[in-house]
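Please read the structure below before turning to the comments.
Derivation of every value follows stated rules applied to the coordinates shown; laboratory data play no part. This structure is a prediction, so every number in the text was calculated from the model and none was measured. Virtual Cβ from ideal backbone geometry, glycine too; neighbours counted across all protein chains shown.
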Number of protein chains: 2
Amino acid sequence: MVAHRTIERLSVYRRIGTLMHGKGTMHVFSHELAARSGSTAAQVRRDLMLAGITGSPAKGYLVSALIARVNAVLDHPEGLQVALIGVGNLGRAFLAYFLGRKANLNIVAAFDADPAKVGRVIQGCRCLPMQDLVPTCRSLGVHVGLVTVPADQAQAVTDALLEAGVRGILNFAPAKIRVPEGVFVEHVDITALVEKVGYFAARQNKETP
Amino acid sequence: MVAHRTIERLSVYRRIGTLMHGKGTMHVFSHELAARSGSTAAQVRRDLMLAGITGSPAKGYLVSALIARVNAVLDHPEGLQVALIGVGNLGRAFLAYFLGRKANLNIVAAFDADPAKVGRVIQGCRCLPMQDLVPTCRSLGVHVGLVTVPADQAQAVTDALLEAGVRGILNFAPAKIRVPEGVFVEHVDITALVEKVGYFAARQNKETP
DNA sequence: GGATGTGAACTATTTCACAGCC
DNA sequence: GGCTGTGAAATAGTTCACATCC
């Protein structure tokens, strides 16, 4: 079990590594990964160490080995099956973003309560009605739910995902969702983030460090 | 200067407080805020203490005083002016979400490079061309930039925002952006978050704690 | 000389636990 | 009895610093 922050950064290192690999770069130093990921060289070395990735002082880390090892740590053997619930603007943004991007992370189903959206193919993904959520997610073996519905529907959607056996939820609704022990929830609160940026934008370097 | 995490949670407590206030609730206990925000009672008390919010053992915290004090800590006197750059699906989602929601947090301008979008009013906000970014943001006194453009445009947009005097950026592009000392950047990396949820969804309670 | 790998130190954040109050 | 306010302890996360290697 690797630490939360390290897992997020490994995903970033892999993206950078994949980009470099596509350009034919074979090796990378920790300070290069740090510069491209917004981290520090010491942090990168620590993260790679925790993931069991090893390099050499002469050439740094082998890009292909880095990618392979992050794959082994992060990826599910059969790929990560993701369901999207709520095909509003935010949901469509994620559909467009993940569509055909990466073989190991697939949005395999999209759901919406709006009858006008159900049945239509949006960003290449057919929009299904809410009552199909439990059977469809169960039969597709969905691991993660992306919740992009309004706040008042978040708990109902969560309960359905739980019933379908989903054990991880990324929640963009501005509402707390209740889940049983053992289910992992990540909550992205846009308002809180904007207000945080506003707060620290005003105060950077204005007070004693 | 209050800690990062505390600032985010204060925003959440205020949203909950505002909701309760609207329903006529006068007082709230730390364990109630904890249950509604996904935190713990001790964490809530610590956060409120750090913000200078004080309650009584008998009645808990006065909701109106909590809101007023969070306002004083988080808000800019003239309101937080936010610019949105990139009116794709993600940008439209934020426009729709923030439109008329809260007097103290306004998206005051939206920009896009696509000539087909420029000039149109999208979600109640007129879309302006990129070359207007610097003068418009400067004259409106924009504090925070919401970057929702593709990765390859993120740095150019950032540089323009910096030139316009913006000191805080919320970046949704999957790319690291360089800013000078004193500018606050929050990077939301959707891919990393989905992969993190996938990782911990599979591993919750499967390994020794 | 400049890199990795990593124990140790440091900083940030959360939780415990309890005195004091109603 | 249950709650607030808060030192103190515990935990999580980051950075330092240096032995070691190429």
Using the Kirkwood radius over Cα pairs of segment A:4-74, the Stokes-Einstein translational diffusion coefficient at 4 °C and 1.567 mPa s, in µm²/s and rounded to a whole number, is 111
What residues qualify as long-range amide H neighbours of B:I169, i.e. H under 5 Å apart, gap of 5 or more or another chain, H built at 1.01 Å from N? B:G145, B:F184, B:V185, B:E186
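Using the Cα centre as the reference, give the magnitude of the dipole from point charges on the C-beta atoms of the protein assembly as shown (Lys, Arg: +1; Asp, Glu: -1; all else neutral), rounded to the nearest 20 debye.
It comes to approximately 300 debye.
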Average partner chain C-beta neighbours within 10 Å, per residue of B:7-14? 5
With the label 7 angstrom out along Cα to Cβ, how close does A:G165 come to the same site in each of the other copies, in nm, nearest first? 5.8
Cβ-vector label at 7 Å, A:I122, separations to other copies in nm: 1.6
Of all GluC sites (Glu not before Pro) in segment A:168-201, the ones in DSSP coil with at most 13 other Cβ atoms within 10 Å are A:E181
Largest fluctuation, B:K176, B:K59, B:K117 only, Gaussian network model of chain B with Cα springs under 10 angstrom, belongs to B:K59
So which lysines pass the test for B:K117, namely a Cα distance under 24 Å, with those fewer than 8 places away in the same chain ruled out? A:K117
Asserting the computed 222 nm helical MRE of the protein assembly as shown (DSSP H runs at least 4 long, -39500 (n - 2.57) per run, divided by residue count, to nearest 500) equals -13500 deg cm²/dmol
Along the dipole axis of chain B (charges at Cβ: +1 for Lys and Arg, -1 for Asp and Glu; origin at the Cα centre), the most positive-end residue among B:P57, B:I7, B:G88 is B:P57
Cut-off is 10 Å between beta-carbons; in what order do A:E78, A:E32 appear when sorted fewest neighbours first? A:E78, A:E32
So what are the ³J(HN,Hα) numbers for segment A:166-181, from phi and the Karplus equation (6.51, -1.76, 1.60; θ = phi - 60°), rounded to whole Hz, Gly and Pro as x? 6, 10, x, 9, 10, 9, 9, 6, x, 8, 6, 10, 8, 9, x, 3
Space enclosed by the convex hull of the alpha-carbon atoms of segment A:1-156, per residue, Å³: 135
Taking the dipole of segment A:119-209 about the Cα centre (Lys, Arg +1; Asp, Glu -1; charges at Cβ), the one of A:F184, A:G124, A:V149 that reaches farthest to the positive side is A:G124
Scalar couplings 3J(HN,Hα) for segment A:108-115 by Karplus 6.51 cos²θ - 1.76 cosθ + 1.60 (θ = phi - 60°), nearest whole Hz, x for Gly and Pro, are 9, 7, 10, 10, 8, 7, 6, x
Hey, in the GNM for chain B with a 10 angstrom Cα cutoff, which one of B:A72, B:A192, B:A109 fluctuates hardest? B:A192
Counting other C-beta atoms within 10 Å, which of B:M20, A:M130 has the fewest, and how do the rest follow? A:M130, B:M20
Roughly what % of DSSP beta bridges within chain B run antiparallel, to the nearest 5? 20
Using +1 at the Cβ of each Lys and Arg and -1 at the Cβ of each Asp and Glu in chain B, identify which of B:I107, B:A42, B:L161 lies farthest towards the dipole's positive end. B:A42
List the lysines whose Cα sits under 21 Å from the Cα of B:K196, skipping any in the same chain fewer than 8 residues away. A:K102, A:K176, B:K176, B:K206
0 to 90° range, to nearest 10: angle between helix A:190-203 axis and chain A longest Cα axis: 40
Going by alpha carbons, how many degrees (0 to 90, nearest 10) lie between the helix axis of B:63-74 and the longest principal axis of chain B? 40
Bins of 10 Å from zero: percent of alpha-carbon pairs in the protein assembly as shown: 4, 20, 29, 29, 15, 2, 0
About the Cα centre of segment B:149-203, how large is the charge dipole given +1 on each Lys and Arg Cβ and -1 on each Asp and Glu Cβ? Please answer in debye to the nearest 20. 240
Kindly work out what percent of the DSSP beta bridges joining two residues of the protein assembly as shown are antiparallel, to the nearest 5. 20
antiparallel share of DSSP beta bridges within segment B:80-191, to nearest 5, in %, is 10
Pseudo-label separations to other copies for B:L19 - Cα-to-Cβ vector, 7 Å, nm: 3.8
In degrees, nearest ten, helix A:41-50 long axis to first principal axis of chain A (Cα): 70
Cα gyration tensor of segment B:80-191, axes a ≥ b ≥ c as square roots of the eigenvalues: rounded (a/c below 1.5), prolate (a/b > b/c) or oblate? rounded
Around B:I67 (Cβ within 14 Å, Cβ-to-Cβ, excluding B:I67; K/R +1, D/E -1) the net charge comes to +3
Count, for each residue of B:107-116, the Cβ atoms from other chains sitting within 10 Å of its Cβ, then give me the mean as a whole number. 0
Most mobile of B:L62, B:L50, B:L193 in a GNM of chain B (Cα contacts under 10 Å): B:L193
What's the magnitude of the charge dipole for segment B:8-62 around its Cα centre, counting Lys and Arg as +1 and Asp and Glu as -1 at the beta-carbon? Answer in Debye, nearest 20. 60
Anchor B:K59: lysines whose Cα lies under 19 Å away (excluding residues fewer than 8 positions away in-chain): B:K23
Counting other chain Cβ atoms within 10 Å of each Cβ in A:72-78 and taking the mean gives 2
